[in-house]
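J.: Here's a structure for you.
Nothing in this text is a laboratory measurement; each read-out follows from the coordinates by a stated rule. Keep in mind that what you see is a predicted model, and the values were worked out from it rather than measured. Cβ placement follows ideal geometry from the backbone for every residue including glycine, while neighbour counts extend to all protein chains displayed.
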Ligand SMILES: Nc1ncnc2c1ncn2[C@@H]1O[C@H](COP(=O)(O)OP(=O)(O)OP(=O)(O)O)[C@@H](O)[C@H]1O
């Protein structure tokens, strides 16, 4: 059944799942003409979707920002214009149209994923019951054009985690059974234990990835499946197999609606309904056979051996290359649209929608399975999934654990061994090491987040729209997973640097040093994650975090300019930097109780031996730092929960910013 075989003769009539075989589909659905509206004797499919008069318009600026005159003017742009259609369970509808005709926007609109930037009008109803906007996502599943999958998980693991997020209230056995069934339905059983794969290592094929994305949606038993260009990027044969597979899924009592570019002509009769869009309008929607008849009636016959999809899409597209062509093609498109709206096909579809509204024996709305687990359980699933995926990335793990160490090696190589003699850099070298340790640690954290989190963020954007969890939960799961990596990585770094260069040889002080350095490393990663909630481009986030770190070191460390000599405004600002508390702590940890020697030689430098005790350095540069030791620690560590809270707010804001 899933072997990609299909027959040109498979008419839409054969794809229906009506309870009565004698019932006909189509304009056909003259059922509506034969039976009295609202009559309970009238047979109804187990699910029907009606879309009535969907229009979407946005207000946009006329010109770019550098042309102020036009930038200040706004115009309304109609992206969808009065789109109506009706589909029954068992049917697969293909939406065609040239680029920019509004296919994706139509799917976004009916799946409840359209932005707040425009005005959406019209109704969507299922089984004659009008849906509220917030119900769209609970009723329809939506497979996006791009596959957002975790590279290091196997197909079965991917589906199991999705099932655990969606159906946790089911037992493990029930989830396993469900995953096996969905894999069998989508012909994925043979790759169950194969990893998804990524750019740098092989995994399943492109077509299989598409099927995994579809399978993830099927776990929630949706009655209506929407797919945005599921065949894009696939070779022609694989693309055909995907469409045939979707037709099979539709036959199992589902509605499948997909947008598609340039399908092969063999698929013509695989679709139960074909819709053509142009300039935001539905130019035609009907069965394949009706399509040929309709265009023939309009005077456009499909030449023999030509692909009807290509011919009819071209015929209804507007060519904007020159104004004459644009006028001519626009008029032709309008003529076809008017003919369609006057046709029996369109009129009977409207009757069908009306009858569904008026039925007295309406079926309920088939919502997706919604037995999702509680917040903590979802967090646990996300944490397990993130850990399993990222811990299999051998190079990634190696880099994360060794990046601080490599940096520590640079410093150690440069300093070699700390001396106790002031004239041989005893003080300057120690301050230099503290400065470098505090200043550079945030960067390694930042690099980790920029390399690893964007992929997870894209998945969270999609899965939160699918109602599996909220974006901030993915953010929290990621943070929880970085704790062991950060602790180990910083501990390796500090163990090496501290003892190799010969810092204050006391185990407690070493532990304090490690505990302090952990914070800037984690703050760098957290700050990057927080900013990635509201800034889409990771490069911009990179720059932002780097600049904030530079500013923090300047204002907070007291190394470039001592705190006492700073203007008041900078003094106040320094309290907002973690570098202030971290540097104070490291100065105290290293210098407290140290006594230096001072070899003046034959030509002593004036004032070179003024301060020979570590406590003098502390009193002069950081007065009161000894008394503030515990408080500094608390304040330093308070940056972590503060950033976590900020991150939750940031990802809640992201809910409003991102539609996919
Ligand atoms: N929020 C928006 N703001 C501005 N323009 C928009 C918005 N949403 C859609 N559009 C515009 O509406 C038109 C239709 O876009 P849509 O992505 O739906 O087309 P499409 O038929 O799916 O194209 P393609 O096949 O190339 O993906 C495009 O010109 C697009 O730029």
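J.: Ranked by Cβ crowding within 10 angstrom, fewest neighbours first, how are 340, 357 ordered?
T.: 357, 340
J.: Using only C-alpha positions, report the orientation-averaged shadow area of the convex hull of the range 503-545, nm², one decimal.
T.: Average of the hull's projected areas for the range 503-545 equals 3.5 nm².
J.: Related question: Can you give me the angle between helix 206-218 and the longest principal axis of the chain, using Cα atoms only, in degrees from 0 to 90, rounded to the nearest 10?
T.: Long axis of 206-218 versus the principal axis of the chain: about 80 degrees.
J.: Also, quick follow-up: Counting alpha carbon pairs within less than 8 Å and at least 6 residues apart, what relative contact order, in whole percent, applies to the range 420-549?
T.: About 41 percent, as a whole number.
J.: For the chain, what is the percent of antiparallel DSSP beta bridges, rounded to the nearest 5?
T.: Around 60 percent antiparallel, to the nearest 5.
J.: Roughly how many Å is it from the Cα centre of the range 504-567 to that of the range 424-455, as a whole number?
T.: 8
J.: Here's another thing I want to ask about it. Percent relative contact order of the range 236-302, based on C-alpha pairs within less than 8 angstrom and at least six residues apart?
T.: Dividing the mean separation by the residue count of the range 236-302 yields 21 percent.
J.: On the principal axes of its Cα set, how long, how wide and how thick is the range 468-623? Give whole Å, largest value first.
T.: Here the spans come out as 74, 38, 24 Å, largest first.
J.: On to the next question. Taking only the alpha-carbon positions of the range 65-114 and ignoring solvent, what does the Debye formula give for the base-10 log of I(q)/I(0) at q = 0.15, 0.20, 0.22, 0.25 Å⁻¹?
T.: Relative scattering, expressed as log10 I(q)/I(0), comes to -0.61, -0.86, -0.95, -1.07.
J.: Any chance you could list P(r) for the chain, counting all Cα-Cα pairs in 20 angstrom bins from zero, rounded to whole %?
T.: P(r) over the chain, rounded to whole percents: 16, 38, 26, 14, 5, 0.
J.: Hey, quick one: spin label on residue 61, modelled 7 Å out along Cα-Cβ, who in the range 626-660 has an amide N within reach, i.e. under 12 Å?
T.: none
J.: Here is a follow-up. State the Cα centre-to-centre distance between the range 335-350 and the range 201-221 in whole Å.
T.: 38
J.: Is the range 369-489 best put as rounded, prolate or oblate by its Cα gyration tensor, with a ≥ b ≥ c the root eigenvalues, rounded for a/c under 1.5, and otherwise prolate when a/b is larger than b/c, oblate when not?
T.: Taking the square roots of the gyration eigenvalues as a ≥ b ≥ c, the range 369-489 is prolate.
J.: On to the next question. Helix 288-297: angle to the longest alpha-carbon principal axis of the chain, degrees 0 to 90, nearest 10?
T.: 70
J.: Just check the range 492-577 against the gyration tensor rule for me: Cα atoms, a ≥ b ≥ c as the square roots of the eigenvalues, rounded for a/c under 1.5, and otherwise prolate or oblate depending on whether a/b exceeds b/c.
T.: Since a/c reaches 1.5 but b/c is at least a/b, the shape of the range 492-577 is classed as oblate.
J.: Still on this structure: Can you tell me how the range 547-660 classifies by the Cα gyration tensor, rounded, prolate or oblate, using a/c under 1.5 as the rounded cut?
T.: Cα axes put the range 547-660 in the prolate bin.
J.: Taking the Cα centre of each part, how many Å lie between the range 88-137 and the range 234-251?
T.: So the two Cα centres are separated by 22 Å.
J.: A follow-up question, please. Go ahead and estimate [θ] at 222 nm for the chain from helices alone: -39,500 (n - 2.57) per DSSP H run with n ≥ 4, summed, over the residue count, rounded to 500.
T.: That comes out to -17500 deg cm²/dmol.
J.: How high is the relative contact order of the chain, given as a whole-number percent (alpha carbon pairs under 8 Å, six or more residues apart)?
T.: 15 percent.
J.: Can you compute the FRET efficiency between residue 402 and residue 173 using 1/(1 + (r/R0)^6), with r the Cβ-Cβ distance and R0 = 30 Å? Round to the nearest 0.05.
T.: About 0.10, to the nearest 0.05.
J.: In degrees from 0 to 90, rounded to the nearest 10, what is the angle of the helix 629-657 Cα long axis to the longest principal axis of the chain?
T.: It is inclined by approximately 20 degrees.
J.: Given points 7 Å out from each Cα along the Cα-Cβ axis, report the residue 537 to residue 325 separation in nanometres with one decimal.
T.: 3.3
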